[in-house]
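The values are calculated or read from the model by the stated rules, or taken from the named source; none is laboratory data. Just so you know, these numbers come straight off a predicted model, no measurement behind them. No Cβ is skipped: glycine too gets one built from the backbone with ideal geometry, and neighbour counts run over all protein chains shown. Heavy atoms of the whole protein, side chains included, go into the accessibility calculation; ligands, DNA and RNA do not. Shrake-Rupley method; radii C 1.70, N 1.55, O 1.52, S 1.80 Å.
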Amino acid sequence: MTKIIAPSVLASDFANLQSEIEMLNQSDAEWIHIDVMDGVFVPNISFGMPVIQAIKKHAKKTMDVHLMIVNPDQYISTFKKVGADILTVHYEACTHLHRTLQAIKAEGMKAGVALNPHTPISVLEDVIRDIDLVCLMSVNPGFGGQSFIENTYKKVIQLKHLIEQSSSEAKIEIDGGVTDKNAHKLVTAGADVLVAGSFVFKANNPIETIKKLKALANS
Ligand code: DX5
Ligand code: ZN
């Protein structure tokens, strides 16, 4: 299966959001990764519904929304309305994760679960068949531009094993510090989707950079 590149708009130029999204439409990226931070679950605030709606107006790619917020349940239908195709919640923010996943699917979205770097894969054993996407955080969530945590490779291998053993169809997404230095090794370990913020948007030629990442991921 072709590996997917999901540029994170957190690193884009917000004053020129329309042209950034049009650039992604022209690129080899299949998904657009959208980071929502509430200043409570993570020590940073990014953007919310009006900005997602503005992105949706121009985006021709899958809207992959990553919620770094407490109480995600209360906004599930709103995120659907503003354009999310995939909605990912944090394991650490959900007391009733199984119920949250069902609610996301009931709205017609794909359901994702993100794990912080300290959270072991084993916590997903009893819900893995209910998950469409597992987002492994390879940095501590809250900021773009951080360095990749090497322990992630081990977690990708463990997660791939769990998915295969359970006949789950979940995809594995890696989020944080992805570059041309780790892309190939990550997909070799079992990753399906690579999120890249700074590496794409701070490059001189983002379209070429996405192409290069995609080639590395599929080599
Ligand atoms: C971190 C976010 C990431 C971030 C990735 O909290 O979830 O999606 O935007 O940015 P880079 O690729 O710069 O680490
Ligand atoms: Zn993210």
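What residue among Ile163, Asn204, Val134 has its Cα farthest toward the positive end of the dipole of the chain, where the charges are +1 on Lys, Arg and -1 on Asp, Glu, each on the Cβ? The residue sitting farthest along the positive end of the dipole is Asn204. When both bridge partners sit in region 35-121, DSSP labels roughly 10% of those beta bridges antiparallel.
Ranking of His98, His118 by solvent-accessible surface, largest first: His118, His98 (1.4 Å probe, protein heavy atoms only, all chains present).
Scanning residues 5 or more positions from Val113 or on other chains, those with amide H under 5 Å from its amide H are Val89, Leu133, Val134, Cys135, with H placed 1.01 Å from N in the peptide plane. Each of Thr209, Thr78 has its accessible area taken with a 1.4 Å probe; listed largest first, they run Thr78, Thr209.
Using θ = phi - 60° in the Karplus curve 6.51 cos²θ - 1.76 cosθ + 1.60, the 3J(HN,Hα) couplings for region 191-202 round to 5, 10, 10, 10, 8, 9, x, 4, 4, 7, 6, 8 Hz; x is entered for Gly and Pro. Of the beta bridges in the chain, as assigned by DSSP with both residues counted there, near 5 percent are antiparallel. For region 165-177, the Karplus equation 6.51 cos²θ - 1.76 cosθ + 1.60, evaluated at θ = phi - 60°, returns couplings of 4, 9, 6, 7, 9, 5, 8, 9, 10, 10, 10, x, x Hz by residue, with Gly and Pro reported as x. Around the Cα centre of region 121-185, unit charges on the Cβ atoms of Lys, Arg, Asp and Glu (plus for the first two, minus for the last two) sum to a dipole of about 280 debye. Taking amide H as placed 1.01 Å from N in the peptide plane, Gly177 has its amide H under 5 Å from the amide H of Gly145, Gln146, Gly197, each at least 5 places away in sequence or on another chain. Report the paramagnetic label zone for Gln53: residues of region 79-122 whose backbone N is under 11 Å from a point 7 Å from Cα along the Cα-to-Cβ axis. Backbone N within reach: 81-83. Taking a ≥ b ≥ c as the square roots of the eigenvalues of the alpha carbon gyration tensor, region 99-143 is oblate, as a/c is not under 1.5 and a/b does not beat b/c. Here the gap between Glu208 and Ser77, fully extended at 0.36 nm per residue and compared with their Cα-Cα distance, gives a gain of 43.6 nm. Accessible area per residue for the chain, computed on protein heavy atoms with a 1.4 Å probe, is 45 Å². Using a probe of 1.4 Å, the accessible surface attributed to Thr179 totals some 40 Å² when neighbouring protein chains are kept in position. Given the DSSP H assignment, sum -39500 (n - 2.57) over each helix run of at least 4 residues in the chain and divide by its residue total; what's the result at 222 nm in deg cm²/dmol, nearest 500? After summing the helix terms and dividing by residue count, I get -9500 deg cm²/dmol.
Across the accessible surface of region 99-219, with the other protein chains kept in place and a 1.4 Å probe, carbon and sulfur atoms take up 48 percent. Taking a straight line from the alpha carbon of Lys105, these lysines sit under 27 Å away, with near neighbours fewer than eight places off in the same chain left out: Lys3, Lys56, Lys57, Lys60, Lys61, Lys80, Lys81, Lys155, Lys160, Lys171.
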